[in-house]
Amino acid sequence: MDNNLNETVRVKADNINFFYGSKKALNGINMDINANKVTALIGPSGCGKSTFLRLINRMNDLIGSSRIEGKLLLDGKNIFDKDVDVVELRRRVGMVFQKPNPFPKSIYENMAYGLEIKGIKDKKFIDEKVFDSLKKAALWDEIKDRLNDSALRLSGGQQQRLCIARCLVVEPEVILFDEPCASLDPISTRKIEELIIELKQFYTIIIVTHNMQQAARVSDYTAFMYLGDLIEFGHTEKLFTVPKDKRTEEYLTGKFG
Amino acid sequence: MYKTKEKIYEWIFMATAFSSLIFLLGIIIVLFNEGLPIFKDVGVFQFIFGSSWYPTHIPPEYGIFPVIIGSFVVTLGAMFIAVPLGMGSALYIYEMASEKQRNILKPVVELLGGIPSIIFGFFGMVIIAPFLQSVLKIPTGLCAFTGMVVLGIMAIPVVCSIAEDALSFVPRSYREASYALGGNRWQTLIRVVIPAAGSGISTAIILGVSRVIGETMTVLMVTGGAAMIPKSIFDPVRPMTSTIAAEMGEAAMGSPHYHSLFAIGLILFLITLVFNVIAEVISRKYRIKLGLDV
């Protein structure tokens, strides 16, 4: 795997094994994820890419009978340590899901949620953060006049950008995208991709995608996973043009997947 | 030959499918047909808001306000018991219980719902009423309050199981969104899950009300049966259902008394109909709101 000494490693996977019950879903994953870059996780269904992604903000905690071995370091601190506050972790590591999942509340309420549950009551501060994040997510101009409308009345693409904006409000350092365009049309997809590239100057971004072209378009690094193994990981350009592993090449050329 | 056979099967199943509709129509027709004649003797307003129910006196009086109040008081009181307990059970069973606890609690609640109402009545009459009478030093334990307690217990399973359905309809993605934003379990439950399930939960309450207001055997046994406007919840009352059940046997067929009992039934039917329609409308709206198929 290529390592670039100029980069800061934000997330480091150190020999991670993950089990659902007795089924092993991840097989000794080692990966260094750099700050302010987009890292794409690709691979066929069931390869473990979403499972790996969901470890980074510990969403897997919600699944009973799962077990984990190894370390996952965020800025050098193992997030599976007992003294890690998972609520705090999830504020630092935001997540955008496969299907847009705004709450059945108004646009504004969706945006303010992350701050309100933090116990922030200062209305002016909340307003500021909400407006700021909507602007960052390039959604402000489209919805500034309808902040009190139900978020469910937005189009799918707008809903997804709202979910991105909602996650920016709490000022995460890392943002996880779990196939964010899986349910969107090409135009909305393009907007999200542009947004992701825009956001990487502020955040460390990890994106799971089924769409190889998408990985090629948005990411700086790509990891190819297969059956729970990390097969190949490196600069996106190199991985796509001169894959080292035969399986990577076969997947990229559509021999399986 | 084959075609005829196919047609016959189709007809048979169609007949079964439409049987409910026919029964419902039949009931409505009979209720109106037998209930409306009373209004030749008594005005509608007089009938509903009259405060004396003396159908066998001379001259008779047909004011059903006391029995409407009886139903209303008992139902309201029962909901004060059934809603917190039913909702609380639903929240615990669906959101918090371990799988082991759930496997015990769920069948228990269902079993409670399956107990015949006569047994609840029996229980109220023999255990709760004498207990209240001795503790509260009231003249009789068979009163509105006893009815509330027993009916409240009876309605717990209805409220619980429908509220549980409502919680299960809340998409998993809402919870995930909340957790991913740093929400803890309580914040997620109170700020996201319960509001999203809100209309489903109100349906649970409304259907609980219909269950209680239509209950007959238990109220007949435990509420004392006095057709008077109660001054306190420890007075005996006679709800609409028990009035019909208690008096139908002695009312001469075709007499004004007989028709007035049908008219009570008609009003009760209309009340439960309204409740059910409201419940249906709310749950439809809610499913649309959540983007589920109607």
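For the stretch A:16-37, which positions are at negative phi, out of contact with any Leu (no Cβ under 9 Å at 6 or more places or on another chain) and not polar (S, T, N, Q)? Explain how you work it out, then say what you get.
First pass over the stretch A:16-37, keeping only residues at negative phi: A:16-20, A:22-27, A:29-35, A:37.
Still in the running and out of contact with any Leu (no Cβ under 9 Å at 6 or more places or on another chain): A:20, A:22-25, A:32-35, A:37.
Across the stretch A:16-37, the qualifying residues are A:TYR20, A:LYS23, A:LYS24, A:ALA25, A:ASP32, A:ILE33, A:ALA35, A:LYS37.
Being away from every other protein chain (no Cβ under 14 Å) and aliphatic (A, V, I, L, M) is the filter; apply it to the stretch A:127-171 and report the residue that is most open to solvent (accessible area, probe 1.4 Å).
Within the stretch A:127-171, the subset away from every other protein chain (no Cβ under 14 Å) is A:127-128, A:131-132, A:134-148, A:157-158, A:161.
Next, only the ones that are aliphatic (A, V, I, L, M) stay: A:134, A:137-139, A:143, A:147.
Numbers: A:LEU134: 0, A:ALA137: 0, A:ALA138: 63, A:LEU139: 1, A:ILE143: 0, A:LEU147: 25 Å².
Filtering the stretch A:127-171 for residues that are away from every other protein chain (no Cβ under 14 Å) and aliphatic (A, V, I, L, M), the one most open to solvent (accessible area, probe 1.4 Å) comes out as A:ALA138.
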If you go through B:SER98, B:SER134, the only one that is of a type in the set (S, T, N, Q), more than 14 Å from chain A (Cβ to nearest Cβ), without any contact (Cβ under 8 Å) to a residue 40 or more places away in the chain and on the phi < 0 side of the Ramachandran plot is B:SER134
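Does A:LYS118 count as open to solvent by 50 Å² or more (accessible area, probe 1.4 Å), within 13 Å of chain B (Cβ to nearest Cβ) and more than 28 Å from A:SER188 (Cα to Cα)? It would help to see each step written out before you state the result.
Working: open to solvent by 50 Å² or more (accessible area, probe 1.4 Å): yes; within 13 Å of chain B (Cβ to nearest Cβ): yes; more than 28 Å from A:SER188 (Cα to Cα): yes.
Against the criterion (open to solvent by 50 Å² or more (accessible area, probe 1.4 Å), within 13 Å of chain B (Cβ to nearest Cβ) and more than 28 Å from A:SER188 (Cα to Cα)), A:LYS118 qualifies.
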Counting only residues that are more than 32 Å from the chain's Cα centre (by Cα) and under 18 Å from B:TYR92 (Cβ atoms), the stretch B:176-186 contains a total of 2
If you go through B:LEU112, B:LEU151, the only one that is modelled with pLDDT of 90 or more, part of a helix (DSSP H, G or I) and either over 24 Å from the mean Cα position of the chain (by Cα) or surrounded by fewer than 17 Cβ atoms within 10 Å (Cβ to Cβ) (or both) is B:LEU112
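Going by the structure shown, is B:GLY254 more than 21 Å from B:SER283 (Cα to Cα), within 14 Å of chain A (Cβ to nearest Cβ) and part of a loop (DSSP other than H, G, I, E, B)? Spell out how you get there, then give the answer.
Details: more than 21 Å from B:SER283 (Cα to Cα): yes; within 14 Å of chain A (Cβ to nearest Cβ): no; part of a loop (DSSP other than H, G, I, E, B): yes.
No.
Please list, ordered by residue number, the strands (runs of 3 or more DSSP E) wholly in the stretch A:1-92 having 2 or more residues that are more than 18 Å from the chain's Cα centre (by Cα).
On the way: elements: A:9-20, A:23-34, A:38-42, A:66-74.
Qualifying strands (runs of 3 or more DSSP E): A:9-20, A:23-34, A:66-74.
Kindly check whether there is at least one residue in the stretch A:88-104 that is away from chain B (no Cβ under 14 Å), buried (at least 20 other Cβ atoms within 10 Å of the Cβ) and touching a residue at least 12 places away in the same chain (Cβ under 8 Å). Can you show your working first?
First, pick out the residues of the stretch A:88-104 that are away from chain B (no Cβ under 14 Å): none.
No.
A quick yes/no check of all residues on (1) at pLDDT 90 or above; (2) of a type in the set (A, V, I, L, M); (3) more than 23 Å from B:ALA196 (Cα to Cα):
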| residue | (1), (2), (3) |
| --- | --- |
| A:MET1 | no, yes, yes |
| A:LEU5 | no, yes, yes |
| A:ALA25 | yes, yes, yes |
| A:SER50 | yes, no, yes |
| A:LEU62 | no, yes, no |
| A:GLY94 | yes, no, no |
Considering the stretch B:163-216, residues that are open to solvent by 40 Å² or more (accessible area, probe 1.4 Å) and aliphatic (A, V, I, L, M), and then whichever is farthest from the other protein chains (Cβ to nearest Cβ), we arrive at B:LEU207
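Only one residue in B:GLY254, B:GLY183, B:GLY225 is farther than 23 Å from B:LEU273 by Cα and at pLDDT 90 or above, so which one is that? Write out each step before concluding.
Working: B:GLY254 fails: at pLDDT 90 or above; B:GLY225 fails: at pLDDT 90 or above.
When all the criteria are applied, what remains is B:GLY183.
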The helices (runs of 4 or more DSSP H) lying entirely within the stretch A:137-222 that contain at least 2 residues which are of a type in the set (A, V, I, L, M, F, W, C) and under 23 Å from A:ARG92 (Cβ atoms) are A:156-169, A:186-199
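The values are calculated or read from the model by the stated rules, or taken from the named source; none is laboratory data. Since the structure is predicted, the reported quantities are computational estimates derived from the model, not experimental observations. Cβ atoms come from the backbone with ideal geometry, glycine included; neighbour counts cover every protein chain shown. Remember, those area values only see protein heavy atoms, side chains included, never the ligands or the DNA or RNA. Shrake-Rupley method; radii C 1.70, N 1.55, O 1.52, S 1.80 Å.
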